[in-house]
Amino acid sequence: MRELNIEHSSSLLDEKIITISIGCLTLVAHVGETQEFIINLADEALYTAKENGRNQFHLYQRNNG
């Protein structure tokens, strides 16, 4: 996305272009894990990507062993 150099004129940051941060979750759900719990894990992955800076990707993986 950054390479497209699309302007984001209302951005409060010095670099006024659109970037994307993505959080991704892969897992095999365990019995009793709710949809809300799984969505919260995906949300954590997104915010980890955002905490690492602009234009980031974070993959949350759980050891299902």
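The values are calculated or read from the model by the stated rules, or taken from the named source; none is laboratory data. The structure displayed is predicted, hence computed values, not measured ones. Cβ: placed from backbone, ideal geometry, glycine included. Neighbour counts: every protein chain shown.
With the structure loaded, tell me whether N64 is at pLDDT below 90, touching a Leu at 6+ places or on another chain (Cβ under 7 Å) and either surrounded by fewer than 13 Cβ atoms within 10 Å (Cβ to Cβ) or at positive phi (or both) or whether it fails that test.
Working: at pLDDT below 90: yes; touching a Leu at 6+ places or on another chain (Cβ under 7 Å): yes; either surrounded by fewer than 13 Cβ atoms within 10 Å (Cβ to Cβ) or at positive phi (or both): yes.
Spelling it out, N64 is indeed at pLDDT below 90, touching a Leu at 6+ places or on another chain (Cβ under 7 Å) and either surrounded by fewer than 13 Cβ atoms within 10 Å (Cβ to Cβ) or at positive phi (or both).
If I filter segment 30-51 for residues that are among the hydroxyl-bearing types (S, T, Y), in contact with a Gly (Cβ under 8 Å, 6 or more places away or on another chain) and at pLDDT 90 or above, do I get at least one hit? Don't jump to the end; show me each part of the working.
Just the residues of segment 30-51 that are among the hydroxyl-bearing types (S, T, Y), to begin with: 34, 47-48.
Cutting the leftovers down to in contact with a Gly (Cβ under 8 Å, 6 or more places away or on another chain) gives us 47-48.
When the remaining residues are screened for being at pLDDT 90 or above, the result is 47-48.
Checking segment 30-51: at least one residue is among the hydroxyl-bearing types (S, T, Y), in contact with a Gly (Cβ under 8 Å, 6 or more places away or on another chain) and at pLDDT 90 or above.
Quick check, is L13 surrounded by 10 or more Cβ atoms within 10 Å (Cβ to Cβ) and of a type in the set (A, V, I, L, M)? Before the answer, list the steps.
On the way: surrounded by 10 or more Cβ atoms within 10 Å (Cβ to Cβ): no; of a type in the set (A, V, I, L, M): yes.
No.
When both residues are 6+ apart or on different chains and their Cβ atoms are under 7 Å apart, which pairs have a first residue that lies in segment 9-21 and is over 26 Å from A42 (Cα atoms), and a second that is outside any loop (DSSP other than H, G, I, E, B)?
K16/E7
Do we find that R54 is within 14 Å of the chain's Cα centre (by Cα) and not small (G, A, S) in this structure? I'd like the intermediate steps shown before the answer.
Numbers: within 14 Å of the chain's Cα centre (by Cα): yes; not small (G, A, S): yes.
So R54 fits the description; yes.
Output the residues belonging to segment 14-46 that are farther than 19 Å from F57 by Cβ and either basic (K, R) or in a loop (DSSP other than H, G, I, E, B) (or both).
Selection gives D14, K16, V28, A29, H30, V31, G32, E33, T34.
Of the residues that make up segment 25-32, is at least one surrounded by 14 or more Cβ atoms within 10 Å (Cβ to Cβ), under 10 Å from the mean Cα position of the chain (by Cα) and at positive phi?
Taking segment 25-32 first, the residues surrounded by 14 or more Cβ atoms within 10 Å (Cβ to Cβ) are 25, 27.
Filter once more, keeping what is under 10 Å from the mean Cα position of the chain (by Cα): 25.
Still in the list and also at positive phi: none.
Looking for residues that are surrounded by 14 or more Cβ atoms within 10 Å (Cβ to Cβ), under 10 Å from the mean Cα position of the chain (by Cα) and at positive phi, one finds none in segment 25-32, hence no.
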